Structures are given as C-alpha cells and as structure tokens.
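Working notes, beginning with the structure itself.
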Amino acid sequence: MTARPYVVLSAAMSVDGYLDDTSSQRLLLSNSEDFDRVDQVRAESDAILIGATTIRKDNPRLLVNSDERRARRVADGKPEFPLKVTVTQSGDLPADLKFWHHGGAKLVFTVDDAAEKVSATLGDLADVVSAGPDVDWGFVLDELGRRGVKRLMVEGGGTIHTQLMAADLADEVHLAIAPLLVSQAAAPRFLGTADYPGGSTSRMRLLEARAIGDVVLLRYAPKERG
Ligand SMILES: NC(=O)c1ccc[n+]([C@@H]2O[C@H](COP(=O)([O-])OP(=O)(O)OC[C@H]3O[C@@H](n4cnc5c(N)ncnc54)[C@H](OP(=O)(O)O)[C@@H]3O)[C@@H](O)[C@H]2O)c1
C-alpha cells in the first residue's frame with residue numbers, strides 16, 4: 001500500500017469568506033506578489049486538483065508559469081508540470097476547455113455512470129478513472145499515491161475544500177485573505193456548512209501568518225487541533 005499524498009488546500013478569499021462574486025468574470029482576490037507565491041506552491045507540488053465547476057467557469061490553464069521554476073523541476077528529475085487532476089459527477093467537461101490543452105498529464109476521477117461519456121469526450125487528452133457509484137476521497141488519494149503523487153495542492157472551489165476538510169483529509173490550509181467584501185449570498189464560499197471534525201470549538205494550529213502587500217497569508221494545520 002503506497003502512502004497517500006500530503007494535501008494542501010489553497011484558496012484566496014474575501015474578508016467575508018467568498019472565493020468569487022456572482023459576475024461572469026473571475027474575481028481577482030490576490031495581488032501579483034501573492035499569485036507568484038501560489039506559482040511557487042504549484043511548482044513544489046506533484047499534482048494540482050480543482051473541481052469541475054471551476055474548470056467550466058474560470059477555464060484556467062493551471063500551469064507553473066515561471067520558466068525558472070519549471071526548469072528547476074526538470075533539473076530535479078520531475079515532469080516540467082505537475083499532474084492536473086479534476087473530479088466530476090456529471091461528466092460534463094467539454095474537450096475545448098483550456099485545462100486539457102496546456103501543461104503536462106491530466107487525470108479525471110468520475111463515477112461509473114459518467115466514465116464512458118468522459119472518456120468519449122476527452123479521448124487521449126486525459127486519463128479517466130472511474131471511482132465507483134460515488135467519488136470517495138480516500139480512493140482518490142490512494143490512487144494518486146499509487147501514481148507517485150507525494151504532495152497534492154487543491155485549488156478549490158469551495159465544494160471540494162468543504163469535502164476534504166469535513167473528511168479530515170487536509171494536512172495544510174493556505175488561505176490568502178484579500179481586502180474585499182463580496183457580500184453576495186449566491187457567491188461561492190471557501191467552506192460550506194459541514195460536520196467538521198472537532199466541531200466549532202476545535203482550534204487548528206497556526207503555522208504562519210504573513211502580510212503579502214495588502215493580502216494576508218494564513219497557513220493552518222487542520223489535523224493538529226487543540
Ligand atoms: N478564490 C479562489 O481561490 C478560487 C479557487 C478556485 C475556484 N474559485 C471559484 O469557486 C467557484 C467554483 O466553486 P464551486 O464550489 O462552485 O465548485 P468546484 O468545487 O470548483 O467544483 C464542484 C464540482 O466538482 C465536482 N465534484 C465535487 N465533488 C465531487 C465528488 N465528491 N464526486 C464527483 N464530483 C465532484 C462536481 O462536478 P460536476 O458538476 O461536473 O458533477 C461539482 O459540481 C468559481 O466561482 C471559482 O471562480 C475560487
């Protein structure tokens with residue numbers, strides 16, 4: 001049995017806890033220095049995971065952007081880009097999204113009912129793994145560990161972060177707090193309502209608090225609770 005990866009949840013949120021607003025344009029919460037920090041965290045990861053809604057809505061390329069960081073990965077014997085991973089229940093992931101056409105290898109976890117559709121849509125653009133009737137996160141982490149992923153960065157959205165936090169599968173949380181107020185009930189939040197381990201009185205250990213221009217980075221260890 002191979003070890004599961006070390007899981008880092010990474011998000012930028014407004015002071016009132018939102019990941020985005022309800023407009024069709026992606027809300028930029030970080031500043032350029034913080035986006036560069038995120039690029040470094042990506043470069044240190046073996047795989048990066050995002051939810052299917054974020055792929056459809058933001059249409060990200062999800063790359064390590066710095067030439068130097070990619071060159072260092074290659075010099076260290078790693079692939080130039082981390083593995084890009086997503087999960088989908090609906091299987092609704094069109095082949096023309098940028099996610100499939102930039103960077104290195106891609107992997108999709110889906111359910112038995114959608115696996116054929118995803119494979120037919122994506123062809124050789126991605127490896128498709130069927131996780132059974134549901135996508136179980138323990139299964140996902142076991143499979144990533146089996147594929148040699150030691151460090152997994154999860155970049156959201158909130159649906160994904162909520163499930164991993166509730167299942168106590170996050171080793172670290174990186175939260176960049178931006179000086180913005182979204183205040184739109186329908187906008188996505190960093191974390192939704194869930195039965196979180198330890199309940200509302202359980203304090204996570206703070207690993208770091210750092211100002212990055214007008215953004216504040218907080219790093220927590222959710223499994224190390226008081
Ligand atoms: N500020 C930030 O750091 C940041 C980062 C990322 C995203 N965002 C924002 O967050 C928003 C999207 O977040 P979101 O919470 O709505 O969606 P999301 O977490 O990106 O994706 C949710 C989707 O992932 C799939 N999924 C999740 N859990 C699954 C499971 N256990 N089994 C199978 N499939 C599963 C489903 O896809 P199907 O619908 O295909 O079944 C589900 O609808 C966007 O507005 C984006 O801009 C912000």
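Of note:
- Among the residues making up region 183-223, those that are under 19 Å from the mean Cα position of the chain (by Cα), part of a loop (DSSP other than H, G, I, E, B) and within 15 Å of MET13 (Cα to Cα) are ALA187, PRO188, PHE190, LEU191, GLY192.
- Restricted to helices (runs of 4 or more DSSP H) entirely inside region 1-91, those with at least 2 residues that are near the ligand (Cβ under 8 Å from one of its atoms), at pLDDT 95 or above and out of contact with any Ser or Thr (no Cβ under 9 Å at 6 or more places or on another chain) are 52-58.
- For region 162-183, the criterion of being under 27 Å from THR2 (Cβ atoms), among the β-branched types (Val, Ile, Thr) and surrounded by 12 or more Cβ atoms within 10 Å (Cβ to Cβ) is met by at least one residue.
- Flag: LYS117 does not match the condition of being among the basic types (Lys, Arg), modelled with pLDDT of 95 or more and in contact with a Pro (Cβ under 8 Å, 6 or more places away or on another chain).
- From the options VAL118, VAL129, VAL111, VAL135, residue that is surrounded by fewer than 20 Cβ atoms within 10 Å (Cβ to Cβ), in contact with a Gly (Cβ under 9 Å, 6 or more places away or on another chain) and farther than 28 Å from LEU28 by Cα: VAL111
- When region 189-202 is limited to residues that are modelled with pLDDT of 95 or more and in contact with a strand residue (DSSP E or B) (Cβ under 7 Å, 6 or more places away or on another chain), the one that is nearest to ASP21 (Cα to Cα) turns out to be ARG189.
- Tally of residues being in a strand (DSSP E or B) and within 11 Å of the ligand (Cβ to nearest atom) across region 92-117: 3
- Total residues in region 177-226, condition of a type in the set (Phe, Trp, Tyr) and within 16 Å of the ligand (Cβ to nearest atom): 2
- Here is the figure for region 118-141: residues that are part of a helix (DSSP H, G or I), out of contact with any Ser or Thr (no Cβ under 8 Å at 6 or more places or on another chain) and either within 22 Å of LEU164 (Cβ to Cβ) or not acidic (Asp, Glu) (or both) total 11.
- For region 21-37, a residue qualifies if it is under 30 Å from ALA114 (Cβ atoms) and touching a strand residue (DSSP E or B) at 6+ places or on another chain (Cβ under 9 Å), and the qualifying residues are ASP21, LEU27.
- Subset of region 142-154 (residues that are in contact with an Asp or Glu (Cβ under 7 Å, 6 or more places away or on another chain) and either in a helix (DSSP H, G or I) or of a type in the set (D, E, K, R) (or both)): LYS150, ARG151
- Among residues of region 122-148 that are polar (S, T, N, Q) and within 13 Å of the ligand (Cβ to nearest atom), those with a Cβ under 8 angstrom from a residue that is at pLDDT 95 or above and part of a loop (DSSP other than H, G, I, E, B), sequence gap 6+ or separate chain, pair up as SER130/VAL111.
The values are calculated or read from the model by the stated rules, or taken from the named source; none is laboratory data. Remember, it's a predicted structure, so these values are computed and weren't measured experimentally. Here the Cβ is made from the backbone with ideal geometry for all residues, glycine too, and neighbour counts use every protein chain on show.
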